[in-house]
Amino acid sequence: VELADKVLAGDRRAVARLLTVVENGGAKAREVIRYLYPHTGRAHLVGITGAPGTGKSTLVNELAKVFRAQSKQLAILAVDPTSPFSGGAILGDRVRMTDLAGDSGVFVRSMATRGGSGGLASTSGDLIRVMDAAGFDLILIETVGAGQGEVAIAATAHSVVVVEAPGLGDEVQAIKAGILEIADVFVVNKADREGADRAAATLTMMLDLGQGGVNHRLLHHGVLMDVMLRPGSSAQVERWRPPICKTVAIRGQGIAELVEALAGHRAYLQASGELARRERARLANELDHLLREHLVSRLLADVDRTQLAALLEQVVARTLDPYQAVDQLSRGILS
Ligand SMILES: Nc1nc2c(ncn2[C@@H]2O[C@H](COP(=O)(O)OP(=O)(O)O)[C@@H](O)[C@H]2O)c(=O)[nH]1
Ligand SMILES: [Mg+2]
């Protein structure tokens, strides 16, 4: 609690320590979130996602410089799916971030996802909350658009930047990962390379066909769908057409335009009421997610291990099918 007060007062070292507490989870993390929660909901959350090597980290670094020039306080959360021990990408990010080293207006944190994506979204959500409570104006969240988990993190942002680059095999890599539809702004980075115009043209064509930018950002609504979509709350939001920004991140080219596009999106979110709607949808999604996690772990704790082992033998021996086994196992718990 003392640490949390320091965070609220803007103490950067306290932020780093509190993030670790929250990352470790458990009762302490809960207590921290309870304390900080009323102070959250102010920062502009910007997700930056795309295939590995498209230049996300370089872009984030350049964006940070522009935002700092505007005297914005910002935090950067790099969610990296590689092992924390391989260190490659994270180390690379740290090295590049030395451009900004010593500037107390920029806070950088890496989060390794350690393979499994179980509590990935909820942990990163809590880390973002701590940063939000600490009073940063902007939180840039860099994720590799690789798995569901990473895409989900990006989708929790208010503004999502999807980064493409020519020369990585496919013209538009994000199609595969299914991250096109979460884009609010497209970046075609490495515009110094051949193929950038073609990539931009492909994106334009897809937007014209109405295949991108539809903002199907909620990956699953679950039981809260009804609560969320109250009459009127989802109706008739004026469509935002994602702009396409060409950048050369290594030379800082096109970054000002990207910053402008983000400011434009932020203004659109506010003017259209979409910001409130997204925030509500985001929280509904989180509640749904946490509820599932909680219920499942509570119920699983009651599973009779001996019975489970016995039923498994029967399933293996083909005397019982898996559905029957699950039926029998849950009967004892749910009754
Ligand atoms: N030619 C060119 N290379 C770039 C550009 N932006 C980034 N790169 C390089 O692309 C590589 C991957 O960049 P990085 O930011 O680590 O990509 P990330 O994996 O998406 O975070 C690095 O070697 C960068 O120097 C660019 O605009 N043009
Ligand atoms: Mg990176």
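The values are calculated or read from the model by the stated rules, or taken from the named source; none is laboratory data. This is a predicted model, so every value here is computed, not measured. Positions of Cβ are generated from backbone atoms using ideal geometry, with glycine treated the same way; all protein chains shown enter the neighbour counts.
Side notes on the structure shown:
- The residues of the range 50-80 that are at pLDDT 85 or above, more than 18 Å from E260 (Cα to Cα) and more than 7 Å from ligand 1 (Cβ to nearest atom), listed by number, are A75, I76, L77, A78.
- All helices (runs of 4 or more DSSP H) inside the range 117-189 with 2 or more residues being at pLDDT 90 or above and more than 11 Å from A51 (Cα to Cα): 120-133
- Count of the range 81-108 residues, restricted to those that are buried (at least 19 other Cβ atoms within 10 Å of the Cβ) and modelled with pLDDT of 70 or more, is 3.
- Count - residues of the range 24-38 that are surrounded by fewer than 13 Cβ atoms within 10 Å (Cβ to Cβ) and small (G, A, S): 2
- Test: L275 is under 28 Å from the mean Cα position of the chain (by Cα) and assigned to a helix (DSSP H, G or I): yes
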